[in-house]
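Written below as structure tokens is the structure these notes are about.
Values in this text are rule-based calculations from the coordinates and carry no lab data. Remember, it's a predicted structure, so these values are computed and weren't measured experimentally.
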Amino acid sequence: MHKVKFSNGFFRLRWLKDISIAKKLYFIVGAMAVLIILELFTLWFAIHTLSSVRAFVGAEGLWSKAQKDAVYQLRKYDVTHNESDFQEYKKFLEVPLGDHKTRVELLKQQPDIGIARQGFIEGRVHPDDIDGMIKLFRRFYKNYYIGKAINIWAKGDSIILEMIPIAERFHAERNALNPSREKLDRIMVEIDVINQQLTVLEDDFSYTLGEGSRWLESLILKILLSVALTVEFTGLILTISVTRGITRELNEINKATSKITKGDFTARAMVLSKNEIGQVASEVNQMTEQLVLSNKELGQVAYIASHDLQEPLRTITNFVNLFQKQYKGKLDVNADEYLSFIGEATFRMHLLVKDILDYSRLGNDKKLLRIDLNKEVQNVLKGMAINISENNAKIHTSPLPVIYGYCEIQYLFQNLISNAIKFRKKEADPVVNISSQDNGKDWLFVIKDNGIGIEEKYHERIFTIFQKLHTNSEYAGTGIGLAHCKKIAELHRGKIWLESEEGKGSIFYFTIPKQTS
């Protein structure tokens, strides 16, 4: 097992000391690459897991709609006496029964995934979501939130199964020679009670999954923050460790050669490694020993001094000049490029951590403030003055209200204005219009731009954290800005949405409920 040695407040990886300088750089770059891949995998896992939670919420909506449509068809059948209406009731009931099939199968120790998939298909779940939902079920069914949602699901299944024989009794009575209106009404009351019970369970299911989604989001943010910090600190620690080791070895050689040049031939350079610098130290020591042994042969010593000794001394001088910069030295012909890669990766991690911390800190300060949004937006525009000027942007602001809210409200305006400028059309200067409306219980804010627009299929997706529609450098970002806006709106118990078409600009709306101090 490799040992870690502590020295002068820093630690050095002892097993690295004998590796060549080039390989040390490769190791640092490789370690950073592995950690970044780990972070990307974490991001991938997070996105797919949150997407599966979203799919379960959608499936619950289909379940609920089908159940209510089934009850509606029974009522319709009671009025029309048309057998096709009763068959429609059965058709709608196939959705919850299909989901029931999936749940029962997945709770088995050795489930048949084919049966589980078929159940979800019968439940009208989109085929692209099914595998993720099955994995989420199997991986997290012991989790508090997922387990609670599954228990609610099971209760809903048992109740809807109770409705099947009741509906059959209703069907039989309706088809009797002399159907009893009293019996039909009593049966319909039973169905109404079941419908009300299912409505409560459906609400509980959605609420529980929402809580689980927020818990999962918080967990993922912590994991991402940990991985990001690990990437940064690992890179710094490895760089400092390698650089300090090299510097220490060069200092040892410098001290020894300094004494040797002054005539102290008893001086020896401490050999601290077997790499190139260690080899130079060994050569210096061997050269010094040769000088001692040849002390009586002055002519030979002079020759050695002018040829054999000068060459390693020039090598030492080159090494000293090479490593004068403590954290960024030209270790080989590729060193600057490697250090540039490390620097760029570290810079990106700084941006990501900053955004994640800003995002995760939202809501920590629950102090409600009286905020004049006219002043707040003007402060935002002053802070963005350079960006606005460089892009020749035109910002038009209508009178805005005074609200009771949180200080983070400024970031909502800042992000939306910044995006409107960033995602501008190449052929037109950015134009942004900011206005508000009094909607009675809340304020509706409108931010309209003339930018590149967003396809409708992305309207919901863009508010999810780490979702980026553009990957080119012109529109580069962290994918957190709009998720940030959504969280700020929700912090105020409001909501945010947009209207947009590709190439026709965007209109972002968000609401802030009216509150009193």
>> Viscosity 0.692 mPa s, temperature 37 °C: give me the Stokes-Einstein translational D for region 363-513 in µm²/s, with Rh taken as the Kirkwood radius over C-alpha pairs.
In response: 208
>> Placing one identical point scatterer on every Cα of region 49-150 and ignoring solvent, what is log10 I(q)/I(0) from the Debye formula at q = 0.11, 0.12, 0.15 Å⁻¹?
In response: -0.37, -0.44, -0.63
> Can you tell me the Rg and the Dmax, both Å, for the Cα atoms in region 371-427?
Replying inline: 12.1, 40
>> Amide H of Lys425 versus every other amide H placed in the peptide plane: which residues, excluding those fewer than 5 positions away on the same chain, fall under 5 Å?
In response: Ile452
> Among Lys68/Lys457; Lys108/Lys148; Lys142/Lys457, which pairs are too far apart, with a Cα-Cα distance over 25 Å?
Replying inline: Lys68/Lys457; Lys142/Lys457
> Based on the Cα coordinates of region 82-210, what is the per residue volume of their convex hull in Å³?
Replying inline: 113
